[in-house]
1. When CYS147, CYS226 are ordered from fewest to most other Cβ atoms inside 10 Å of their Cβ, what list results?
2. Once you wrap a convex hull around the alpha carbon atoms of segment 37-290, what is its projected area averaged over all directions, in nm²?
3. Let a ≥ b ≥ c be the square roots of the eigenvalues of the Cα gyration tensor of segment 59-138; is it rounded (a/c under 1.5), or, if not, prolate (a/b larger than b/c) or oblate?
4. Across the Cα atoms of segment 218-277, what radius of gyration and what greatest pairwise Cα-Cα distance (Dmax) are found, in Å?
5. Would you work out the relative contact order for the chain, in percent, from Cα pairs under 8 angstrom that are 6 or more residues apart?
6. Do you know the relative contact order of segment 172-295, to the nearest whole percent, from alpha carbon pairs under 8 angstrom that are 6+ apart?
7. With axes computed from alpha carbons, what is the tilt in degrees of helix 52-77 against the longest principal axis of the chain, rounded to the nearest 10 within 0 to 90?
8. Name the most mobile residue of GLU69, GLU199, GLU185, meaning the one with the largest mean-square fluctuation, in a Gaussian network model of the chain with Cα contacts below 10 Å.
Amino acid sequence: MSAQPDKIHDRNISQIKGASANKTPDSISIKPRHVHFDVRDELATLWHGGDVFKTAFFNALSLQFPRGERQFIDSVRQYRDRVTDPKLQENIRGFIGQEGLHSKEHQSYNDALSQRGYDIEGMDKRFSAHMDYVYSKRKHLRLAGTCAAEHYTAVLAHGLLNNPDWLEGASPRMQALWRWHAIEEIEHKSVAFDVYESEIGIYKLRLIVFFVVTYNFFKFTFLNTCSMLKTEGKLWSPGTWLKGLNYLWGKPGVIRKCLPQLLTYFRRDFHPWQLDERQTLQRWSQQLENSGYGN
């Protein structure tokens with residue numbers, strides 16, 4: 001399926017700037033889909049088409065979600081009482097609901113990974129130590145970190161929905177799980193950012209924290225990927241790493257294709273909805289519903 005390019009609509013964002021703290025388009029409904037994906041059978045295998053690197057890469061991402069998304073919820077919730085915009089308040093409720101279900105669903109996902117003998121406890125312990133450090137920081141830093149991390153998840157979600165070959169070879173159920181998550185990440189992609197701009201709005205702080213989040217995102221994704229490759233006996237396999245680097249930087253080029261959009265975060269006038277993804281959401285939400293997982 002070929003994806004239609006999304007449009008940048010700076011003019012629309014600038015027109016409503018200052019009129020409301022909420023910048024999510026009115027046509028976007030941020031509501032959690034109460035779904036469950038029983039992927040235990042898939043996670044007992046190299047579910048991404050038998051490819052050990054692709055499977056480990058996506059599993060490595062999932063391992064960060066339960067604790068990470070609970071932190072996202074908490075960082076936004078700390079500012080909730082200060083938000084007076086009724087639409088933003090409504091979107092905060094939707095954001096909390098969606099992220100709560102993401103955390104729960106990926107916890108079940110991660111628990112099932114132990115079937116392959118992965119050191120889930122060790123990887124969780126390593127990431128939990130990092131998250132404990134994050135929780136020790138002041139709330140404005142945590143909210144800035146949430147904005148940066150939400151930008152990463154939104155960019156990855158955009159890539160996942162607009163490049164079907166990223167999941168080529170995965171089972172229909174695994175594809176549905178990752179696309180469900182991607183759809184909701186895009187729907188609420190500006191909620192934390194709108195709270196930050198409304199209540200803090202410090203450009204330099206936003207950038208500094210983005211660099212910290214970038215370092216930790218790649219660090220833990222790399223470490224978790226290596227841990228699983230070690231269990232699979234492929235950590236020192238040149239062929240595995242060459243195929244993996246091609247997947248990330250060559251063709252299809254997951255990271256390569258994400259870079260231009262990731263870098264938009266450095267713009268002083270950046271806003272997540274400058275990339276208008278309403279058509280993408282409509283198309284994939286309908287496909288998810290048709291698959292039986294959209295209710």
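1. Working: CYS147 28, CYS226 14.
In increasing order of surrounding Cβ atoms, one gets CYS226, CYS147.
2. Working: hull surface 51.9 nm².
Mean shadow area of the hull around the Cα atoms is 13.0 nm².
3. Values: a/c = 4.97, a/b = 1.87, b/c = 2.66.
Since a/c reaches 1.5 but b/c is at least a/b, the shape of segment 59-138 is classed as oblate.
4. 15.7, 47
5. On the way: 340 pairs, mean separation 96.4, N = 295.
Value for the chain: 33 percent.
6. On the way: 45 pairs, mean separation 52.4, N = 124.
Reported relative contact order: 42 percent.
7. 30 degrees
8. In this elastic network of the chain, the residue with the biggest mean-square fluctuation among GLU69, GLU199, GLU185 is GLU199.
Any read-out appearing in this document is the output of simple, stated calculations on the displayed coordinates, not a laboratory observation. The structure displayed is predicted, hence computed values, not measured ones. Using ideal geometry, Cβ is built from the backbone for each residue, glycine included, and neighbour counts are taken over all protein chains shown.
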